[in-house]
Amino acid sequence: MNELGLKATVTRPEPCKVCIEIAIPKEKIEERADSAFSQIQKVAVLPGFRQGKVPADMVRKNFAKIARDEMLQKLVPEAIEHVAQENNFSPVGETNVEALEFDFDKEMKFKVTFEVKPEVKLQDYKGIKVEKEKLEVGEQQVNEALENLRQRAAHLEVAGHDDVKKGDFVVLDYEMFHEGKPVSETKVQNQVAQVEDDQLLPKFAEQMVGMKKGEHKEIKVTMPADFKRKELAGKEVMVKIAINEIKEKKLPELNDDFVKELGENITLAELKERIKKNITAQEEARIKKDIEEQIVNSLVTAHEFPLPNVLVEKQVDYLVERTKQYITQQGGTTEALGLTEEIMRAKVKHDAERQVKTLLLLEAIGHNEKMEITEEELRQEMEKTRDIYKKTQEEVNEFFEKYHSQIISQMIEDKVFKFLTDNAQITEVKAKKKNKDEEKQ
C-alpha cells in the first residue's frame with residue numbers, strides 16, 4: 001500500500017544497478033510535517049514557556065531543522081523500501097541519495113541509486129555429473145602417521161660413527177668468502193644442520209660427507225639465483241667449515257611405552273585405531289569437499305549473469321585482508337614481497353567473482369527449492385556448537401543472536417550442497433586413477 005502517495009521512475013543504467021527518481025506529493029509532506037512539529041511541541045522548551053506550552057508557530061520557527069532531520073530519516077528509507085518491495089528488488093550495499101529537494105510545504109523529490117542482486121535464471125542443477133574417490137584407509141596410511149609421531153619424538157645423540165654420513169646432524173662453524181673476502185654477517189658458530197641436499201646449499205651436503213669431527217674444510221658452492229642476499233645470488237662462494245660434533249637421530253620403539261610417552265593412557269593398538277578413525281574422518285571431509293568443488297565448477301560454468309560490484313569488492317576486501325594476515329603469520333611483509341594494495345586486489349579479483357557467483361547460485365537454488373531452517377535444526381546446531389567449542393549455553397545464545405543471519409545462510413548453503421550431492425550422478429573412482437587423470441589435464 002502506497003501510504004505516501006509517491007511516484008517513482010525506475011531505470012537500470014547497469015544490469016545490477018538501479019536508479020529511482022522519487023516524488024512525494026505536497027499534501028503528504030504537509031501531513032508528516034504537522035505530525036513532526038506536533039511531537040516536537042510536546043517536549044519543546046523555550047525561554048518564557050514551560051515544556052509543552054510553546055506556541056505552534058514558534059515551534060515551527062525554532063525547531064525547523066530538528067523536524068526536517070527527523071522527517072528525512074523516516075521518509076527517505078520508507079520511500080526506498082516501498083519502491084524496492086513493489087519492484088521486487090533485493091538491494092545490496094549502501095544506497096546513494098542525491099538531488100534532494102525538500103521543504104515543509106512543497107513536493108519532495110530525490111534520486112536514489114543502489115545495486116541489486118541479479119536475476120538468476122537457473123539451468124538444470126539436478127543430475128550434475130561428479131566423480132567420487134573411493135574411501136580407502138589402509139595400514140600404510142596408519143603406519144605413515146605413526147612414523148610421523150616417531151619422527152617428532154626423536155632426539156639427537158652423539159653418532160656411533162666417526163665420519164659424516166648423509167642424514168646425519170652436524171654441529172659446525174662456518175663463514176662465507178667471496179672473491180677472497182669474508183662476507184659480512186655470515187660467520188656462525190655451533191650451527192646444527194642436517195646433512196641433506198634439500199636442507200643445505202646446492203652441492204654443500206655431498207662435500208661434507210666423509211668429514212670427521214674436528215676437521216676443517218673449504219667448500220665451494222654456487223649460490224641460488226634467488227638467494228636473499230642479492231649481491232651473492234648466482235655467485236660462487238667459498239665456505240670455510242669446521243665440524244664440532246656429529247650426531248644422529250634416534251627414534252623411539254613403537255610400543256605401548258612410546259604411546260605413554262606421548263601422554264596417552266592407551267595401548268599402541270588403541271592408538272592405531274584412533275589414528276585410523278581420524279584419517280577416515282579427514283578423508284571423508286576431503287572427498288566431500290572435492291565433490292562440492294566439482295558441483296560448483298559445473299554450476300558456475302552453466303550459468304552466466306552479472307555480479308553486483310559492491311559484493312565483489314566486499315569479497316576482494318576480505319581476501320586481501322586474509323592474504324595480509326597469512327603473510328604476517330609467516331613472518332613476512334607485503335612490502336618485502338613487493339605486494340601493493342593494487343596488486344593484491346588484482347590477484348584476488350577472479351577468486352572473489354567466482355565466490356560471489358557461487359553464493360548467489362546456491363542462494364537461488366535454496367530459494368527455488370523453498371529451503372528453510374527449522375527451529376529444531378537451529379537448536380541442534382546450537383547444541384553442536386556448544387559441545388565442539390566447550391561453551392556455556394549463555395555464550396552460545398549470545399553468539400547465535402549476534403551472527404544469526406550469517407549462521408542461517410551457512411546452514412542453508414550446507415543444505416543446498418547436500419541436496420545437490422544427493423541428486424548428482426556420482427561415479428566412484430579409485431583415488432590413484434583420479435589423480436593420474438588430473439595429471440594429464
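The values are calculated or read from the model by the stated rules, or taken from the named source; none is laboratory data. Keep in mind it's a predicted model, so treat the numbers as computed, not measured. Counting neighbours? That spans all protein chains shown, and the Cβs are built from the backbone with ideal geometry, glycine included.
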Under 8 Å between Cβ atoms, which residue pairs at least 6 apart in sequence (or on different chains) link something in region 40-55 that is part of a loop (DSSP other than H, G, I, E, B) with a partner that is not hydrophobic (A, V, I, L, M, F, W, C)? ALA44/GLN51; ALA44/GLY52; ALA44/ASN62; VAL45/GLN51; GLY52/GLN41; GLY52/LYS42; VAL54/GLN41; VAL54/ASN62
Could you tell me which residue of region 178-191 is farthest from the chain's Cα centre (by Cα), considering only residues that are in contact (Cβ under 8 Å) with a residue 40 or more places away in the chain and assigned to a strand (DSSP E or B)? HIS178
Of the residues ALA352, ALA346, only one is under 18 Å from the mean Cα position of the chain (by Cα) and exposed (fewer than 13 other Cβ atoms within 10 Å of the Cβ); which? ALA346
Inspect all residues belonging to region 89-108 and state whether any of them is among the acidic types (Asp, Glu) and within 27 Å of PHE417 (Cβ to Cβ). no
Mind checking whether some residue in region 104-119 is out of contact with any strand residue (DSSP E or B) (no Cβ under 7 Å at 6 or more places or on another chain) and more than 20 Å from PRO25 (Cβ to Cβ)? yes
If I go through region 56-96 residue by residue, how many of them are in contact (Cβ under 8 Å) with a residue 12 or more places away in the chain and not in a helix (DSSP H, G or I)? 10
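For every residue, the table says whether it meets (1) touching a Phe, Trp or Tyr at 6+ places or on another chain (Cβ under 7 Å); (2) assigned to a strand (DSSP E or B); (3) modelled with pLDDT of 90 or more.
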residue	(1), (2), (3)
GLY127	no, no, yes
VAL130	no, yes, yes
GLN140	no, no, yes
GLU144	no, no, yes
LEU156	yes, yes, yes
VAL170	no, yes, yes
MET176	no, yes, yes
Among the numbered conditions (1) surrounded by 13 or more Cβ atoms within 10 Å (Cβ to Cβ); (2) without any contact (Cβ under 8 Å) to a residue 40 or more places away in the chain; (3) not β-branched (Val, Ile, Thr), tell me where ASP290 comes up short. (2)
